[in-house]
Amino acid sequence: MKLSILAVILSSSLLFIGCTSQTMNSKEDAYQAINLAEVDGELTGDDPEAIALSLFGNQEPVEGNFSQETKVIEKDGFNQTILLTQMNLPDDSVKGLRYQLKFEFDQSVGQWRLQEVGRQQSCYRGNSPDNWTVEPCP
């Protein structure tokens, strides 16, 4: 009897811990992985921000309030994470795209190499138009 009460208490505790705000917010922290084998362009270079822009940046002029910026969000020795954000896209459903690109410095060649990239989008319509998601925009 005591064992089954303990099991119920532990199960309830784990359920409660699993529903903390950190877990609920983790959806916004999730990125849809992009297969590097399918990326068209050079994955190595001297400047991670320049690599990010050449691979995923918009190279064409865009009408309206389009903006594009890169930001170093993590830099630790031989690792660097870049956030490329594009807002006010000329699309009726997708408001913005955000790419998180993780680079590693390859000492053997003296260049940065893209190791991982993921994408999120922000939608004009939907329940949370100011949030980032990996779900398709309505």
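The values are calculated or read from the model by the stated rules, or taken from the named source; none is laboratory data. Since the structure is predicted, the reported quantities are computational estimates derived from the model, not experimental observations. With ideal geometry, Cβ positions are generated from the backbone for all residues, glycine too; neighbour counts draw on all protein chains shown.
Every residue, every condition in (1) assigned to a strand (DSSP E or B); (2) over 15 Å from residue 83 (Cα atoms); (3) in contact with a Phe, Trp or Tyr (Cβ under 6 Å, 6 or more places away or on another chain); (4) of a type in the set (Val, Ile, Thr), yes or no:
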position: 103; (1), (2), (3), (4): yes, no, yes, no
position: 115; (1), (2), (3), (4): yes, no, no, no
position: 120; (1), (2), (3), (4): yes, no, yes, no
position: 125; (1), (2), (3), (4): no, yes, no, no
position: 135; (1), (2), (3), (4): no, yes, no, no
Within region 84-101, the residues that are assigned to a loop (DSSP other than H, G, I, E, B) and either in contact with a Lys or Arg (Cβ under 9 Å, 6 or more places away or on another chain) or at pLDDT 95 or above (or both) are 88, 89, 92, 93
Subset of region 63-110 that is over 28 Å from residue 125 (Cα atoms) and of a type in the set (S, T, N, Q) - its residue that is surrounded by the fewest Cβ atoms within 10 Å (Cβ to Cβ):
108
Within region 27-59, considering residues that are among the charged types (D, E, K, R) and assigned to a helix (DSSP H, G or I), the one farthest from the chain's Cα centre (by Cα):
38
